[in-house]
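**Student:** Encoded as structure tokens, here's the structure I'll be asking about.
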Amino acid sequence: MRMMYRPGKFAVFHLVLASLLLGSLVTTLVWTGCDSNRHGLSAKTANETVLSDKEALAAAVSMQRAFRNIAKSVGPAVVSVNVVQTIAQRNPYNELFGDDLFRYFFGDREQERAPQQQRRKSISAGSGFIIDKKGYILSNFHVVRQASEITVVLIDGREFKATVVGTDSATDIALLKIDPSGDIPLVALGDSDKLEVGDWTIAIGNPFNLPGTFTVGVVSAKSRGDQIGAPYQNFIQTDTAINPGNSGGPLVNISGEVVGINTMIYTRTGGSLGIGFAIPINIAKKVVSSLIKDGKFERGYIGIYPGPIDDGMRTALKLPRDAGVIVNSVIADGPAARAGMKDGDVILEIDGKKITSVPQLMRIVAEVQAGQTVPFVVQRQWQKLTVQVTVVKRPDDEQLSKKQDSKQEESQEWLGLKVVPVGSVNPVQLRRLGVQPNETGVLVIGFSKDAPESDLAPGDLIKEINYVAINTIEDFQRFAVANRDKKSFIFKVKRQGQLAWVGINR
């Protein structure tokens with residue numbers, strides 16, 4: 001009888017365990033080898049991919065070399081502009097509690113002893129760049145505004161006290177000067193008119209007190225001005241990172257030439273969102289030459305209130321798209337008025353340059369020297385004609401305000417109402433009131449003490465009184481004389497773009 005061998009349970013357990021261990025070892029060796037091969041293949045493939053496209057690699061290395069060269073050549077001429085400002089500050093207790101409460105708690109003596117204004121020092125920093133061996137430095141007006149002390153620091157650590165040669169707030173340009181000891185590096189100024197959307201741009205400056213910061217981007221758009229409320233500007237828009245402290249620093253093209261002055265950013269966070277603006281260097285060149293010569297930049301002035309043309313008027317006048325700017329009103333006795341320009345004229349050209357927008361017109365007029373006579377091609381109704389306008393020096397803001405006040409001396413008063421012609425009011429103010437610059441009617445600007453109670457308000461545009469059309473200040477005068485004995489009146493007015501009826505009894 002044959003005996004069958006039956007291994008015991010213990011032997012079976014060892015056999016199974018050995019099999020499992022052997023299988024695990026084999027699997028590990030196989031996967032390790034595969035993984036090793038896989039990684040080796042991946043690294044080799046990536047390296048081969050990079051090196052195989054030698055043309056692309058050479059282009060990238062060449063671009064990298066260009067950026068390095070710009071950093072080395074332009075960077076040393078970019079400076080940090082450290083500014084100390086002395087700012088008047090009212091007594092914070094008075095601001096918080098008010099004079100009466102302060103006096104109630106602390107008495108008149110303490111009120112007299114408490115300073116009404118305190119002065120404190122504010123320290124800020126911006127950027128600039130050296131443009132001349134004599135030590136002239138370009139920066140922003142807002143960087144050095146109200147500065148009591150300015151220190152310029154070069155990237156090599158040298159420090160110089162700087163003085164303000166001149167500023168131009170409208171273009172946000174400041175020209176500073178240092179007395180250099182030894183050689184100083186300079187930037188090369190380029191031609192901003194040659195810039196195209198998509199061109200490389202580099203910003204170098206002192207953002208957040210980090211001097212020599214170098215960022216790269218492209219030109220995103222050109223001729224930004226009216227869109228951001230800067231009529232005298234023609235900003236270069238860039239996505240190059242510009243941050244607080246970059247103001248006044250250079251925007252550089254790929255050739256290492258300065259094509260702009262970094263001046264502002266659009267931000268919701270306080271830092272760069274990829275929308276920055278720079279002053280074209282060609283504008284700065286014109287301003288700088290005047291600042292060196294006279295310490296100020298004088299603009300031309302012709303005495304008009306220009307405005308854009310709406311589509312309806314463009315169609316009626318058969319004007320091409322983006323052609324012309326309408327004259328909303330001509331200032332009496334101004335250069336345009338003396339030359340024969342009239343309200344409603346459409347300016348098509350100035351000295352051979354086609355006019356497409358209000359900011360462009362303002363910049364062109366601003367750049368004309370006082371005393372120069374310039375041909376303006378205008379369209380009056382459907383007829384083209386040329387008007388020769390002799391440009392004068394633009395009055396300062398105070399003088400312009402006085403001109404506005406003198407125009408409002410044309411105001412008439414009746415029923416305690418003070419009214420002025422629509423044409424005597426700045427078009428910007430009219431738009432805020434919902435009134436078109438060429439609209440008929442008279443504008444309420446105030447009331448005398450003896451004015452009867454009514455729902456009329458400053459800014460109301462009177463269109464009719466007792467159903468009689470009031471188109472001009474003369475219509476208002478005639479109605480007042482003809483109805484001097486009447487007691488009750490119904491006014492049709494336009495208020496914030498909406499028509500309303502208001503009754504007045506005296």
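Values in this text are rule-based calculations from the coordinates and carry no lab data. Treat the numbers as computed from the prediction; the structure is a model and nothing was measured. Because the Cβ atoms are built from the backbone with ideal geometry, glycine has one as well, and the counts that use them run over all protein chains shown.
**Student:** Apply the Karplus parameterisation 6.51 cos²θ - 1.76 cosθ + 1.60, with θ equal to phi minus 60°, to every residue of segment 489-506 and state each ³J(HN,Hα) to the nearest whole Hz, in sequence, with x for glycine and proline.
**Tutor:** 9, 10, 9, 9, 10, 10, 10, 6, x, 10, 7, 8, 10, 9, x, 10, 10, 10
**Student:** Moving on to the next point. Between THR373 and ASN505, what is the spin-label point distance in nm, taking each point 7 Å from the Cα along the Cα→C-beta axis?
**Tutor:** 6.3 nm
**Student:** Residues with beta-carbon under 13 Å from that of PHE214, excluding PHE214: net charge, scoring Lys, Arg +1 and Asp, Glu -1? Before the final figure, lay out the partial values.
**Tutor:** Values: positive: ARG68, LYS72; negative: none.
Summing Lys/Arg as +1 and Asp/Glu as -1 gives +2.
**Student:** Let me ask something else. Tell me the label-point distance for the pair GLN383, ASP191, using the 7 Å Cα-to-Cβ offset, in nm and rounded to one decimal.
**Tutor:** Placing both labels 7 Å beyond Cα along the Cβ direction yields 4.2 nm.
**Student:** Another question, then. Listing GLU196, GLU149 from the residue with the fewest other Cβ atoms within 10 Å to the one with the most, what is the order?
**Tutor:** Lowest to highest Cβ neighbour count: GLU196, GLU149.
**Student:** Report the net charge of residues surrounding LEU189, where surrounding means a beta-carbon distance below 11 angstrom and charges are Lys +1, Arg +1, Asp -1, Glu -1.
**Tutor:** -2
**Student:** Additional query: Below 15 angstrom from the Cβ of ILE70, what's the summed charge of the other residues (Lys, Arg +1; Asp, Glu -1)?
**Tutor:** Numbers: positive: ARG65, ARG68, LYS72; negative: ASP199, GLU257.
So the surrounding residues net to +1.
**Student:** Quick one: Karplus J couplings for segment 460-470, per residue in order, coefficients 6.51, -1.76, 1.60, θ = phi - 60°, nearest Hz, x for Gly and Pro?
**Tutor:** For segment 460-470, the Karplus curve yields 5, 9, 7, 9, 8, 10, 6, 6, 9, 5, 10 Hz.
**Student:** List every residue whose amide H lies under 5 Å from the amide H of ILE275, counting only residues 5 or more places away in sequence or on a different chain, with H placed 1.01 Å from N in the peptide plane.
**Tutor:** Under 5 Å from the amide H of ILE275 lie the amide H atoms of TYR266, each far enough along the sequence or on another chain.
**Student:** Jot down the per residue volume, in cubic angstrom and as a whole number, of the convex hull over the alpha-carbon atoms of segment 300-393.
**Tutor:** Convex hull of Cα atoms, per residue: 78 Å³.
**Student:** Report, by chain and number, residues whose modeled amide H sits under 5 Å from the one on LEU189, excluding near sequence neighbours (fewer than 5 apart, same chain).
**Tutor:** VAL258
**Student:** For ASN466 and SER289, calculate 0.36 nm times their separation in residues minus their Cα-Cα distance, and state this gained length in nm to one decimal.
**Tutor:** Length gained, ASN466 through SER289: 57.7 nm.
**Student:** May I ask you to evaluate 6.51 cos²θ - 1.76 cosθ + 1.60, the Karplus curve with θ = phi - 60°, for each residue of segment 175-186 and list the ³J(HN,Hα) values in order in whole Hz, giving x for glycine and proline?
**Tutor:** So the Karplus estimates, Gly and Pro as x, are 10, 10, 9, 10, 9, x, 10, x, 6, 10, x, 10 Hz.
**Student:** Based only on other Cβ atoms within 10 Å, what is the fewest-to-most ordering of VAL216, VAL425? Each step should come with its number before you reach the end.
**Tutor:** Working: VAL216 16, VAL425 21.
Placing the least packed residue first, the sequence is VAL216, VAL425.
**Student:** Near the amide H of ILE309, under 5 Å away, which other amide H atoms are found, from residues 5 or more places off or on another chain, if H is placed in the peptide plane?
**Tutor:** ILE326
**Student:** So how much slack lies between ALA221 and LYS393, counting 0.36 nm per residue of separation and subtracting their Cα-Cα distance, in nm?
**Tutor:** 58.7 nm
**Student:** Mind checking the full-extension length gain between SER148 and MET313? Use 0.36 nm per residue of separation minus the Cα-Cα distance, one decimal, nm.
**Tutor:** Going from the current span to full extension adds 54.2 nm.
**Student:** Here is a further query. Can you tell me the relative contact order of segment 300-393? Whole percent, Cα pairs under 8 Å, sequence separation 6 or more.
**Tutor:** Result for segment 300-393 is 32 percent.
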